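> Have a look at this one.
Nothing in this text is a laboratory measurement; each read-out follows from the coordinates by a stated rule. Only a predicted model underlies this, so the values are computations on that prediction, with no experimental measurement involved. Note that each Cβ is placed from the backbone with ideal geometry, even for glycine, and that neighbours are counted across all protein chains shown.
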Amino acid sequence: MLTRHGRRVMEIALVLCAMGSITACAPTSRSSSTSPRVEYPLLVNNQTDFEVVVYAMASPSSRGMRLGSARPFAKTVLNVPGNALQSSDVFSVQLHAIGAARTTPNWISQTTVLSDNLVAQLDVHGDMAGNLRMSMLSSRLAKSYK
């Protein structure tokens, strides 16, 4: 028979064994520091009186990835992560004007190409109802950005 002290030692030993076996089975985390994260600048020139939310469209039929918002009558620089691009460095955005009429649809841009030497530029134009159909997405040389 175990004494009170012996029983306590056995309980602690069981707890430690259980903790050791649980942590041994835990998945190891992999650091992503070995592969650099690719980001591209998106220069947004919002010339409307609406705050505009900008989404990257990874595919025409998918739900967009929120990149950020652009304040009214202001220039904003947003970062576009590499995984937000469509195949072959093709980039497209969807815009939503905050406070626009409910019947006003979100605007989806034509595609443009991004690369290490190109930056995306988004010129946002709209009407009083918040329709942003006059906006334009394009690429330009990165030299002129810096």
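> Taking θ as phi - 60°, what are the ³J(HN,Hα) couplings along region 90-97 by the Karplus curve (6.51, -1.76, 1.60), each to the nearest whole Hz, with x for Gly and Pro?
Rounded to whole hertz, the list is 8, 10, 8, 10, 10, 10, 10, 7.
> While we're on this one: Within 10 Å, count the other beta carbons around each residue, average over each peptide in 116-127, 3-14, and list them highest first.
Working: 116-127: 17.7, 3-14: 9.8.
Top of the packing list down: 116-127, 3-14.
> Could you grab the relative contact order for region 33-126? Cα pairs under 8 Å, six or more apart, rounded to a whole percent. The partial results should precede the final answer.
Working: 203 pairs, mean separation 34.0, N = 94.
Relative contact order here is 36 percent.
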